[in-house]
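K.L.:
Structure provided below as structure tokens; questions to follow.
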Amino acid sequence: MKLRSLLPAALLLLCASVRAQNMSAIDAYLQLTDALKQNVMPAPAKWTAFFTAPAQYAYIAGGLLDSAKLKADMQLVYMPSNKPRLDTLHLDDQQQYHLQYKQEEPLIRASLAEMKRLGVRDSIKKMLFPYLPERLRKDSLLPVQYLFFAGFQDSRGLPGSAMNDMLLTARLNRIKYAVAMAHEALHSIILMDFTHRTQQKRGIQSNEFGLFQFLSNLSQEGIADLIDKQYWIMPGSPFLQDMQEMNQDETRFAPGCVRQLDTLLRQCWEKKTVDVTYEDLFSSGKYAAWGGHIPGRYMVQLIRKKGLLPRLIARADDPTALIEIYQQATGGKGFSKESILFLQELRKCYL
């Protein structure tokens, strides 16, 4: 799964008003492959329908996918006339992902049919709502769930929208139905609320607001992982190795990330300014790994172990809550007094 840090601005085009699931992109993909498997080149309108479908278009406009490459790669992978060339090529990652789609097409079609038949709303609510503050447990806040071809194992929650790669979703549905969607729905709802509450306050200091966003990300990932990561380690999970790698990295890096974050917050309090950018908070490797899952998950696990998870969930909409409640869980030993004071100033400024 591709884990979030910065999202291309074009992805924010998916703030839809109808709360539902949208499968138009993956439907269009499968229609194209049906023709290609018969050595028939689909009509231009069919390609256009695929490229302009919600989520698919957002990834193309955001630079994550290229329409010309999508078209060429699908012809290469799916047309029987290209098989001799396909067998001799060293495929890039995206081409290999098309090949996985082709190999696992029965699973994809079965999962897609199941979601169309059963819907996903009730299953998502059952897994999601226990991890949201009570005021956010509303059907009206559930995001549109988009299913599409991401080009890699990716899922992302944006304000009002959750984007789910179809193959990733199908693989996880086999373990726990709609669990990936529930994880991304938490991100979507918290992000939507965060966006509304901070809309008039973002220009105060860009790095400062970026730090506030970063803290929100850590909290979201830590809480959302309580929804789905337990299923990643189940027998037969295709993500067992990913989970093992994350656990190993968490053991190695999470305590250090927490210490570095404390140092940063203390320096921010002393200097009365934030010198690090939002991008560097993710990319430097000092403060986070796996897009914020580390140390977010590590901190939330300790909070749960100490019986403080209900306090965190009640304040899941507050980016400063994770550190403040982690501080309680550690008996006041996790962060310095200066760091906590800086967090309090951040909260006053943005919430």
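K.L.:
How many residues does the stretch 45-57 contain that are of a type in the set (A, V, I, L, M, F, W, C), under 25 Å from residue 91 (Cβ atoms) and either modelled with pLDDT of 95 or more or surrounded by fewer than 19 Cβ atoms within 10 Å (Cβ to Cβ) (or both)?
P.N.:
Total meeting the criteria: 4.
K.L.:
For residues that are modelled with pLDDT of 95 or more and touching a Lys or Arg at 6+ places or on another chain (Cβ under 6 Å), scanning just the stretch 328-351, find the one that is farthest from residue 262 (Cα to Cα).
P.N.:
This residue is 329.
K.L.:
Among 230, 213, which is the only one that is without any contact (Cβ under 8 Å) to a residue 24 or more places away in the chain and outside the structural domain of residue 145 (by TED's automatic domain parsing)?
P.N.:
One residue alone meets the criteria, 230.
K.L.:
Ok, one more. Somewhere in the stretch 309-328, is a residue assigned to a loop (DSSP other than H, G, I, E, B), touching a helix residue (DSSP H, G or I) at 6+ places or on another chain (Cβ under 7 Å) and β-branched (Val, Ile, Thr)?
P.N.:
yes
K.L.:
What is the one condition in (1) of a type in the set (Asp, Glu); (2) in a helix (DSSP H, G or I); (3) out of contact with any Gly (no Cβ under 8 Å at 6 or more places or on another chain); (4) in contact (Cβ under 8 Å) with a residue 40 or more places away in the chain that residue 275 does not satisfy?
P.N.:
Every condition holds for residue 275 apart from (2).
K.L.:
Okay, moving on. Which ones in the stretch 205-238 are within 19 Å of residue 280 (Cα to Cα) and part of a loop (DSSP other than H, G, I, E, B)?
P.N.:
If the condition is that a residue be within 19 Å of residue 280 (Cα to Cα) and part of a loop (DSSP other than H, G, I, E, B), then 205 is the only one that fits.
K.L.:
Now a separate question. I'm trying to understand the selection: among the residues of the stretch 216-269, which are farther than 27 Å from residue 185 by Cα and of a type in the set (Ser, Thr, Tyr)?
P.N.:
251, 263 - these are the residues of the stretch 216-269 that are farther than 27 Å from residue 185 by Cα and of a type in the set (Ser, Thr, Tyr).
K.L.:
Go through the stretch 314-326 and count every residue that is surrounded by fewer than 21 Cβ atoms within 10 Å (Cβ to Cβ) and in contact (Cβ under 8 Å) with a residue 24 or more places away in the chain.
P.N.:
Of the residues in that region, 3 qualify.
K.L.:
Taking the condition of being part of a helix (DSSP H, G or I) and in contact with a Leu (Cβ under 9 Å, 6 or more places away or on another chain), how many residues in the stretch 91-110 meet it?
P.N.:
So the answer is 11.
K.L.:
Moving to a separate point now. Tell me, yes or no, whether the stretch 193-215 has at least one residue that is within 21 Å of residue 156 (Cβ to Cβ), crowded, with 21+ Cβ neighbours inside 10 Å and in contact with a Gly (Cβ under 9 Å, 6 or more places away or on another chain).
P.N.:
Yes: one or more hits.
K.L.:
Continuing with this model, one more query. When you scan the stretch 51-71, how many residues do you find that are in a loop (DSSP other than H, G, I, E, B), over 18 Å from the mean Cα position of the chain (by Cα) and under 23 Å from residue 143 (Cα atoms)?
P.N.:
Here the count works out to 2.
K.L.:
Okay, moving on. Only one residue in 115, 74 is within 30 Å of residue 313 (Cα to Cα) and at pLDDT 95 or above, so which one is that?
P.N.:
After ruling out the rest, the residue left standing is 115.
K.L.:
Take the residues in the stretch 2-44 that are modelled with pLDDT of 95 or more and assigned to a loop (DSSP other than H, G, I, E, B), then tell me which one is surrounded by the most Cβ atoms within 10 Å (Cβ to Cβ).
P.N.:
The residue in question is 23.
K.L.:
State whether the residues of the stretch 169-192 include one that is of a type in the set (Ser, Thr, Tyr), assigned by TED's automatic domain parsing to the domain that holds residue 114, assigned to a helix (DSSP H, G or I) and under 21 Å from residue 316 (Cβ atoms).
P.N.:
Yes; the residues of the stretch 169-192 include at least one that is of a type in the set (Ser, Thr, Tyr), assigned by TED's automatic domain parsing to the domain that holds residue 114, assigned to a helix (DSSP H, G or I) and under 21 Å from residue 316 (Cβ atoms).
K.L.:
In addition: Any idea how many residues of the stretch 131-162 are more than 28 Å from residue 314 (Cβ to Cβ) and in a strand (DSSP E or B)?
P.N.:
4
K.L.:
Please specify each residue of the stretch 173-190 satisfying the condition of being farther than 15 Å from residue 121 by Cα and either at pLDDT 95 or above or of a type in the set (Asp, Glu) (or both).
P.N.:
187, 190
K.L.:
Filter the stretch 84-110 for residues that are over 30 Å from the mean Cα position of the chain (by Cα) and exposed (fewer than 10 other Cβ atoms within 10 Å of the Cβ); which is farthest from residue 153 (Cα to Cα)?
P.N.:
Restricting to residues being over 30 Å from the mean Cα position of the chain (by Cα) and exposed (fewer than 10 other Cβ atoms within 10 Å of the Cβ), the top hit is 84.
K.L.:
Within the set of pairs 6 or more residues apart or between chains, which connect a residue that is in the same structural domain as residue 26 (by TED's automatic domain parsing) inside the stretch 48-60 to a residue that is buried (at least 19 other Cβ atoms within 10 Å of the Cβ) and assigned to a loop (DSSP other than H, G, I, E, B) with Cβ atoms less than 8 Å apart?
P.N.:
These pairs meet every condition: 56/65; 56/149; 59/65; 59/150; 59/151.
K.L.:
Being in the same structural domain as residue 208 (by TED's automatic domain parsing) and surrounded by fewer than 14 Cβ atoms within 10 Å (Cβ to Cβ): is that true of residue 248 here?
P.N.:
yes
The values are calculated or read from the model by the stated rules, or taken from the named source; none is laboratory data. Note that the structure is a prediction, hence the values are computed from the model and not measured. Quick reminder, even Gly has a Cβ in these numbers, built from the backbone with ideal geometry, and neighbours come from all protein chains shown.
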